[in-house]
Structure formats: structure tokens, C-alpha cells
Amino acid sequence: MAIQVLTGNYSVALAAKLARVDVVAAYPITPQTSIVEKLSEYIEKGELDAKMIRVESEHSALAATFGAALAGARAFTATSSHGLLYMHEWVHWVSRARVPVVMAIVTRTIGTPWNIWPDHGDFMDQRDAGWIMSFGMDNQEILDLTLQAFKISEDPRVYLPVMVGLEGFILGHTSMPVDVPDQKLVDEWLGPRRQGYVIDGSEPLALGNLAWPEDTEEFFMDIQESMEEAKKVIKEVDKEYGRIFGREYGGLIEYYRCSDAKYIMVSMGAWSGDLKEAINLLRDNGYPVGLARIRYFRPFPDKEIYEVIRGAKGVIVFDRAISFGSMGPLFMDLVANTLKHTRRISVIQNIVAGIGGVNITYTDFTGLIKDFISIIESGGEPPVFKWYHRR
Amino acid sequence: MVEPLHIRMRNTIMSGDAACPGCPIPLGLKVVGAVFGNKVILVIPACCTSVVMGAWPGNGFNGSVIHVAFASAAAVASGIAEALEKRGIRDTQVIAWAGDGGTADIGMASLSGAAERNENFIYIMYDNEAYMNTGIQRSSSTPYGAWTTTTPVIGKREHKKDVARIMIAHGVPYVATASIAYPHDFEAKLRRAAKIRGFKFIHLHAPCPVGWRFDPGLTIKVAKLAVETGMWILYEYYEGRLRLSGPSRPYIDESKRKLIIEYLKLQGRFRRITDKEVLEIETYVKQAWDWVKKHM
Ligand SMILES: Cc1ncc(C[n+]2csc(CCOP(=O)(O)OP(=O)(O)O)c2C)c(N)n1
Ligand code: SF4
Ligand SMILES: [Mg+2]
């Protein structure tokens, strides 16, 4: 293992290289572009023995990635925002075909207006598509999640595509020291490509013929079951990875100072780092707060969330996306999924913030958390929904 | 000894396929099957063939079939071709099999991209000159004057988009036109294409009795008339030169061509065509031949 100073995007590219991808098909878009550029460089320099398909659009990027994966290649792509929306038809197609593929999503606000700063709107727009959806907090985790994505996607209990989210610029273009796993260890751990079926001419196979409603529904029920299985696989992979490479994250969720916390914060992505700072500061001032950071949004960690919030006096869910006319998608999922385990949910608040890339710092978090706690401690009811905006 | 084509065409399309009577699609696919056996992967976007293949768990073609989103045949085929290359698999032919809508309209960008990258597969555009799967709507490949459900009263005002020429302009190593009425010619073209590395495009004329409004017993006759009237010209283009194919050779001489009206009058979609419109079509055909002669 060796420490390298890498941007989030280069961490993604390096992980794809460590996984020895066979085919990459991608199309440039800010802030994802440097991933494609780096992979092209690896390939042209002969450091990675892979085919690069320089497609004419994102729709074709995922279509070609799918084709390659179907034909037995370990295939990878990456995109952002408008590129992701442009390929949305294919996002569904790949998962419904049960083809293991890995894609990095370097999040960026959806226009109009044109805006290249990050929020989670593009990522959240894919939530019903049948992909395993993970999201990192720093560049180390991005590298680890991307590598693990191949292992999880190609697990026979799963056979679903995996997307790895990271915020553009905040992680994508910011350099941090990253502990890079040893290639030999990665090879041993990851092994050769696995998939449910291969279409490469070795035997005649058909994929995607018309199916009657009942058959179709059964295919989709199987995806739902595999999502349940994936929870186990994700935890196993996290543990195994920890044993071999020295980093274990807690599985679907990272728990930060939760064990004795009375107030639980829930978040996803890079700003969880700022949230941790806020929590440390609040802890120093006697506030019993902790953070449950969502690492996997799909499958949703319903049981883990229920267990961490069940004794809490209050919960805030921070969303960096908004479902217009409703609330934050993380919040909606959390509330709905908690109902699987209990009819009684603690006092809970959804704070939507950081939309359009508005910068949110630990000071903002500190203030928001203090406000929430003081309302509860004085016997009041904090509003369930709040869109926090600042200039 | 190689068996005759009509024998080899047997059992390539399975009984129980879901084509309409007189459908040109199985006719074309049988030739594909005859040439490649089951060492072929067909990539099929949304089109009539999606239905013709039959319902899961059955499959109408004795080979591999991948159904894909409408705009993506060329992109998926690119991915497969690259993966097979990376894996060192050389004995399997990748073929994108797409309709005129999936090629000339929604699939144009992915087609152009794959052609420009010179991806190693054969793209076959079977041209039934409208969106048949969704109920006979106009495509950019529908001919001038034709009735469709989206040109229901006055007929299409624009001429057919010439996709083969667009592909020639891409500088790909092989472009050909073919017709389901001339299976031997189509076979020869598939064989030549299979020997060439890179992107190969075959534009296959495929009259559809349902959409063109003719008797399903007349599919071959209509397809032949298209060639005999000079409306559909069979050729190959490679190594920088156009070669007129056997069935079309006589018709370089205009006096040998049958009257265009003979072709049109068999088809209900041209029922309301006026003399002036027929003249317009004749002019278009003349220009097409001028172009062919210039590039021979
Ligand atoms: C993105 C998208 N838009 C529209 C459709 C609906 N659709 C399915 S097939 C088809 C027309 C196909 O026409 P063509 O490619 O000419 O093939 P044909 O049906 O004539 O064989 C359309 C419009 C679709 N499946 N996907
Ligand atoms: S509508 Fe035409 S092309 Fe489509 S299946 Fe029927 S006959 Fe064949
Ligand atoms: Mg058509």
C-alpha cells in the first residue's frame, strides 16, 4: 500500500484501473471529465489494458458499457448531472437486465439555469432505477467504494449495477492523501469477472424479449429480493475489505458518536465531514449529538436507521436534494422505511440545504442543530420541514 | 458442397415467430441466419422485430438476440464488439438489426458515432419506410407522397432520407444496399461485409404489406418492382468506388425500367397520389441514378 495525493475523480479512475476494467465507454461532462481523461491516459500509456469507447453521447456511453458487460467484459463508465439524465433510459435498462456494471456519479446541479456546483439532485433522480447506490465522504472512501462496487455488483447474490456518488469539485477536484491498495492484493480479492449470463456467441441466448405482465413482475420482484441480499453482501464486503486493506466503514451506514447520542443527525456525502466537525464542537459544549451517515442509499438501510434513531429524542435528516412539491428524498425514504419497524418515530425534522451548490459549513450545521434541540428541550415542536437558505 | 441458400435459410427463424403474414423481416433474418448460423449476436432496438422475435421464454431466431432501447443499437453493438475483441473472441458476428426509425431518426447519432469510430460490426437497417411497430407513422425514410397515420390526408411532403449515402460520407469501409427480394445478392453482401474489419452498413429494402397497404402475397413482387422501376438501386460501395449490383444493372438504362406507377399502384399508401406527385418522384429517382453513375 502506498499513499498518493489524489482528487476524488482520480481516486475513481485509479479504482477502475485497480479493478482491471476491460472496457470503458464515457462522454465528458463537468465535473466528471477528469475521470475519463485519466482513464484514457492509463490506456494510451499502456498502464491499463482496456478498450476505451469514446462515444458520441451519454445515452450511448451506458448503452456501450452495457453491451461490453453483457459480452463478458468488466465495464465502467462515469457521468454527471445532464449526462446522467440523458442516459436515464439506460440506467433502468441495465439493472433490469441484471448486468453487473459500475458507474461513478460526480454530482452536479441540474439546470436550468446552468450551474456546475454540486447538489444531490442528479443522483437522487436515479433512485427508482434498480441500482445499488453508494455515496462517499472523502477521496479515500471514494476509492474504496468504487473498488468494492465491482465486488458487490458481481456477487451472484446481487448481479445488479452499482453507482458510486461523489460531489463534484468538493471531492472530485480536491486533492487528499489516499492509501492506494496493492494491485496484487486487489487481484486476489476481486478475482475474475462474474456475471449471471454472458452473450458472446458461445451459446445462443436471448435477452429482453417481450414478456407478459406476470413474468415481468416476477423479474422485478427478484430485483427487490436481490436488494435485500445486497445488504448482507455490502456488509460482508466491507468487513472483508477491512481485514485485507485495513479500512472498514460500518457497512451501509457510518456511525459517528452515536452510541450515547440523544440527537441523531442523518446525512449523505461530503458535507458529512462538516457535520462531524459541528458534532465535535457541540459535544465539547455538552450536546449529546451523533451522526448516522448514509453510505448506501439503495438498498436503503432501514433496519440500521431504525436501530440508531429508535431511542433518540430527536432526529434531523439533512437533504441536499429536493423533490419539488414534497420534501427531501433521503428524509422521505427514511421515514417510510422506519415504518417497517415501528409506528412511532421520534421528533424528526427534514432540512433541505446546499441546493444549487450553496456552501454549507459546520457553523451552519451547528446553528441548525442548536435551534432544533432548544425547541425540543423547551417543550416545543420543531417544524417537520425546513429549506435552509443562506447567502 | 454448400447447400443452396433456400435450404440453409431453413430453421434460422423458428416456427411460431410473431410476424404478420407477408412480413419482410423473417425473410431478411433467414439470410442472416443462413450466412452466420448461430454464431451471430443480433442487437435489436425497439421496432417490429422486437415483436417478431416472440415472447419470453421463447425466441424466434436461432442465434443470440439482445433487445435494446430504441436509439441504441449501434452503441450496444459497439460495446459488444469491443468486449469480444478484448476477450479474443473472433468467431462471432455482431449485427445491429434496426428499423428505419431506429436508424434514420432516433438512432442516427449513435449510428454516426459507431461509424465514425469504425466499430467492428455490421449494421443492417431494414427499411419498411415508416414506424410500423407503433402503427405506421412517418419516418424520415418514408418516401414522398406516401400516406402514413401522421401524414394522413395529404401524404408525406419530403423525400426519403438517403442513409446509405450518409454512411458513405462517413468513410466507412463498406456500405451496401440490398432487398429482401434478392436473397442471393444480400447473402453475397453479408459475406463480403463479414470479411472486412470495421464498420459495415447494409440498407435493406423491406416492403411491409400492413403499412404499405398491399396484399401480403405480394411482398416479393413489390420489392422486385422497387428495383425494376429503378426506385431502389442495389449497389456496394467500398474502396472508394460504387459497384452496381447484378439485379440493378439493367436499369442503369432508363428505357429498361418499368414505369414507377406500376410500383406505386400496388400500394394503398399511394392511393391518392396525383400525376404531379408521380412526376416529382420520377425526378427524385433520376437524381438518385445520376448520383450512382457519377460514383461508379
Ligand atoms: C425512446 C422511445 N421512443 C419511442 C418508442 C416507441 N417506438 C417503439 S418502436 C417505434 C417505431 C419503430 O420504427 P422503425 O425503427 O422504423 O421499426 P419498425 O417498427 O418499422 O419495424 C417507436 C416510435 C420507444 N420504444 N422508445
Ligand atoms: S407491420 Fe409490417 S414489418 Fe411489422 S411485423 Fe407486420 S408486416 Fe412485418
Ligand atoms: Mg420502419
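Rule-based calculations on the coordinates, nothing more; no lab input. The structure presented is a predicted model; accordingly, all values stated were derived computationally and were not measured. As a convention, Cβ positions derive from the backbone with ideal geometry for all residues, glycine included, and neighbour counts pool all protein chains shown.
Here the condition is being at the interface with chain A (Cβ under 9 Å from one of its Cβ atoms) and either surrounded by 24 or more Cβ atoms within 10 Å (Cβ to Cβ) or assigned to a strand (DSSP E or B) (or both); of B:41, B:25, it holds for B:41 alone. Summed over the range A:187-222, the residues that are among the small types (Gly, Ala, Ser), surrounded by fewer than 17 Cβ atoms within 10 Å (Cβ to Cβ) and more than 20 Å from residue B:37 (Cβ to Cβ) give a count of 3.
When you scan the range B:88-97, do you find a residue that is in contact with a strand residue (DSSP E or B) (Cβ under 9 Å, 6 or more places away or on another chain) and part of a loop (DSSP other than H, G, I, E, B), even just one? Spell out the reasoning first.
Within the range B:88-97, the subset in contact with a strand residue (DSSP E or B) (Cβ under 9 Å, 6 or more places away or on another chain) is B:92-97.
Restricting the remaining residues to those that are part of a loop (DSSP other than H, G, I, E, B) gives B:92.
The answer is yes, given that some residue of the range B:88-97 is in contact with a strand residue (DSSP E or B) (Cβ under 9 Å, 6 or more places away or on another chain) and part of a loop (DSSP other than H, G, I, E, B).
Within the range A:33-86, restricting attention to residues that are in contact with a strand residue (DSSP E or B) (Cβ under 7 Å, 6 or more places away or on another chain), more than 8 Å from chain B (Cβ to nearest Cβ) and not in a helix (DSSP H, G or I), the residue that is farthest from residue A:128 (Cα to Cα) is A:52.
Residues checked against (1) under 19 Å from residue B:200 (Cα atoms); (2) buried (at least 24 other Cβ atoms within 10 Å of the Cβ):
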{"site": "B:82", "(1), (2)": "yes, yes"}
{"site": "B:110", "(1), (2)": "yes, yes"}
{"site": "B:114", "(1), (2)": "yes, yes"}
{"site": "B:125", "(1), (2)": "yes, yes"}
{"site": "B:153", "(1), (2)": "no, no"}
{"site": "B:170", "(1), (2)": "yes, no"}
{"site": "B:179", "(1), (2)": "yes, yes"}
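Identify all residues within the range B:45-67 that are outside any loop (DSSP other than H, G, I, E, B) and either within 10 Å of ligand 1 (Cβ to nearest atom) or facing another protein chain (nearest Cβ under 7 Å) (or both); write none if there are none. Give the steps one after another, and end with the answer.
We begin by selecting, within the range B:45-67, every residue outside any loop (DSSP other than H, G, I, E, B); these are B:45, B:48-52, B:55, B:61, B:64-67.
Hits for the range B:45-67 are B:45, B:48, B:49, B:50, B:51, B:52, B:55, B:64, B:65, B:66, B:67.
May I ask you to verify whether residue B:139 is within 16 Å of ligand 1 (Cβ to nearest atom), in a loop (DSSP other than H, G, I, E, B) and surrounded by 24 or more Cβ atoms within 10 Å (Cβ to Cβ)? Yes, satisfied. Residue-level check: of (1) out of contact with any helix residue (DSSP H, G or I) (no Cβ under 6 Å at 6 or more places or on another chain); (2) within 14 Å of chain A (Cβ to nearest Cβ); (3) assigned to a loop (DSSP other than H, G, I, E, B), residue B:133 misses just (1). List every residue pair whose Cβ atoms sit under 7 Å apart, with the two residues 6 or more apart in sequence or on different chains, where the first one lies in the range A:211-224 and is within 13 Å of chain B (Cβ to nearest Cβ) and more than 20 Å from residue B:66 (Cα to Cα) and the second, anywhere, is small (Gly, Ala, Ser) and exposed (fewer than 13 other Cβ atoms within 10 Å of the Cβ). Pairs that qualify, where the first residue is within 13 Å of chain B (Cβ to nearest Cβ) and more than 20 Å from residue B:66 (Cα to Cα) and the partner is small (Gly, Ala, Ser) and exposed (fewer than 13 other Cβ atoms within 10 Å of the Cβ): there are none.
Given (1) in contact with a strand residue (DSSP E or B) (Cβ under 9 Å, 6 or more places away or on another chain); (2) touching a residue at least 60 places away in the same chain (Cβ under 8 Å), where does residue B:60 come up short, assuming only one miss? It is condition (2) that residue B:60 fails.
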